[in-house]
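These notes are about the structure you will find just below.
Values quoted throughout were computed directly from the atomic coordinates according to the rules given, and no laboratory measurement underlies them. If you're wondering where the values come from, they're calculated on a predicted model, not measured in any experiment. Glycine also receives a Cβ, built like all others from the backbone with ideal geometry; neighbour counts cover every protein chain displayed.
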Amino acid sequence: MDPSTLFMPTYARDGAAMVKGKGTYVWDADGNQYLDFGSGIAVNALGHCHRDLVRVLKAQGATLVHSSNLYYSQTQNELAELLIANSFGQRVFFCNSGTEAIEAAIKFSRKAASASDPEKYHVLSFSDGFHGRTYGGMSATAQTKFQKGFEPIVPGFHYAPYNDIAGTKAELAKAKFAAIIVEPLQGESGFNQATTEFLKFLREYATANDIALVFDEIQCGFGRTGTLWCYQQHGVEPDMMTLAKPLGGGLPLGAVICREKFASAIAPGDHGTTFGGNPLACALGAVVVKIIADEKFLAQVKSKGKYLAKKLTIATVGNSRVSGIVGTGLMVGVRLTEDPKAVVGACKAAGLLVIKAGNNTVRFMPPLTVSRKEIDQAVDVFATVIGAKAAQAG
């Protein structure tokens, strides 16, 4: 049966089904091999079928897959300890995805604020941000294209220009805010980076006005930018941080890392999840954190990220279809002067998987374990595609 007749049309998919992955490569049912520079949208940070993940997957899968959050889980305990030890946080909430982590952060922020003022429930986010597809996440996403047809959005959400201190001050003056949510490095909109000055302003304002500062590191966290957390590059700590994507080693797992001040406002029954913090996913998550948090590993990510950006810069210099290279670490984007859809399709046909993003950006997010040889191969394919005429790239 044609798979396009089986599913709700929420994705524009084509080609044969993917059936196998190893390292930086995946294969489809027709036997085609691809260099995966999308990493399952930044999920496969350690590549496909990493030996340590496979080992733990087999062992935990034969021991305990699910027990529910009515009880403590040994693997959940271990992962929570690792996340707290390697971040600013004091408490952890596990869920299943990034958008669920955003939902939880919104609820935690509002619950904490409601104790002092019932009108202090407003949430500020920023232009070009993306925070998920649920109603809370969509309402926090300052892009009407994601909201169109699903109105009305959740009340109390406000938007300010990204990296604009004056504009942010003006918006914050309009209501009583419970939370400010920001991506230190925006993913879905094409790797826009927050300035240190902007993040420091948000930290100072949030502290002075008793507002929860929430960093969304769902895509830019876990070593993707060359440090374990993106916020470390700015010397600015949030009150909460939302995580997902690579956290579960390929299985659904999200988290909110939180300061005690906000955790203390929550009581049993205020929030919950049936599957969040699944023992199997948490066992894989512990492997992910242990490997990526290693300073030598992170140094390699930073080095390979610079190498990728340099290779892309050299390969595209003078190309009128390219307006610039953006991003940091192994979160590198090529900005085009045209819609990247045809270029992304041509890359796939040539054996390279890359992802389209906003602002006409092609995202390069290979596994953090990618080799320089694989980077060379990917850039060679992209250079060939982008060097072709626009009509040929489709």
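Listed by chain and number, the lysines whose C-alpha is less than 22 Å from the C-alpha of residue 148, apart from same-chain residues fewer than 8 away, are 341, 356.
Working note: Karplus 6.51/-1.76/1.60 with θ = phi - 60° gives region 186-193 the couplings 5, x, 5, 9, x, 6, 7, 9 Hz, where Gly and Pro are set to x. Rounded to the nearest 20, the Cβ-based charge dipole of region 242-366 about its Cα centre (Lys and Arg +1, Asp and Glu -1) stands at 520 debye. Both radii were evaluated on the Cα set of region 65-203; the Rg over Rh quotient, with Rh as the Kirkwood radius, amounts to 1.00. Dipole magnitude for region 52-292: about 280 debye, using +1 per Lys or Arg Cβ and -1 per Asp or Glu Cβ, origin at the Cα centre.
Taking the chain, the Cys residues with no second Cys beta-carbon under 4.7 angstrom are 49, 95, 258, 282, 347. Based on the convex hull around the alpha carbon atoms, region 52-292 presents an average projected area of 12.7 nm². Cβ-to-Cβ counts within 10 Å put 66, 48, 158 in ascending order as 66, 158, 48, the fewest first. Secondary structure note: in the chain, about 65% of the DSSP beta bridges are antiparallel. Against the chain, whose longest principal axis is taken from its Cα atoms, helix 372-387 shows a tilt of about 70°. Between the residues 138, 156, 361, the greatest Cα displacement towards the positive end of the dipole of the chain, with unit charges on the Cβ of Lys, Arg, Asp and Glu, is found for 361. Only Lys, Arg, Asp and Glu carry charge here, each on its Cβ (+1 for the first two, -1 for the last two); on that basis region 147-264 has a dipole of about 60 debye about its Cα centre.
Out of all Cα-Cα pairs in region 121-178, roughly what percent, to the nearest whole number, are more than 14 Å apart? Cα-Cα pairs in region 121-178 separated by more than 14 Å: 50 percent. Every helix of 4 or more DSSP H residues in the chain counts as -39500 (n - 2.57), and over all residues that averages to -10500 deg cm²/dmol at 222 nm.
Computed from the C-alpha gyration tensor, the three semi-axes of the ellipsoid equivalent to region 234-358 are 36, 18, 17 Å, from longest to shortest. Rounded to whole numbers, the Karplus 3J(HN,Hα) couplings from phi for region 238-250 are x, 8, 9, 9, 9, 9, 5, 6, x, 3, x, x, x Hz, using 6.51 cos²θ - 1.76 cosθ + 1.60 with θ = phi - 60°, and x at Gly and Pro. To the nearest ten degrees, helix 295-316 and the longest principal axis of the Cα atoms of the chain are 50 degrees apart. 3J(HN,Hα) along region 322-330: 10, 9, x, 10, 10, x, 7, x, 9 Hz, from the Karplus curve 6.51 cos²θ - 1.76 cosθ + 1.60 with θ = phi - 60°, whole Hz, x for Gly and Pro. Against the empirical curve 2.2 N^0.38 Å, the C-alpha radius of gyration of region 1-42 lands at a ratio of 1.29. Taking 12 Å as the straight-line reach from the Cα of residue 310, the aspartates and glutamates in range (excluding those fewer than 8 positions away in the same chain) are 376.
Residues whose amide H comes within less than 5 Å of that of residue 48, counting only those at least five positions distant or on another chain, are 22, 23, 24, 25 (H built at 1.01 Å from N in the peptide plane). Summing Lys and Arg as +1 and Asp and Glu as -1 over all other residues whose Cβ lies under 12 Å from the Cβ of residue 327 gives a net charge of +4. Residue order for 323, 39, 139, fewest other beta carbons within 10 angstrom first, comes to 323, 139, 39. Per-peptide packing, taken as the mean over residues of other Cβ atoms within 10 Å, places 121-133, 348-360 in the sequence 121-133, 348-360 from highest down.
Taking 28 Å as the limit for the C-alpha separation, the pairs 200/245; 107/245; 296/348 exceed it in the case of 296/348.
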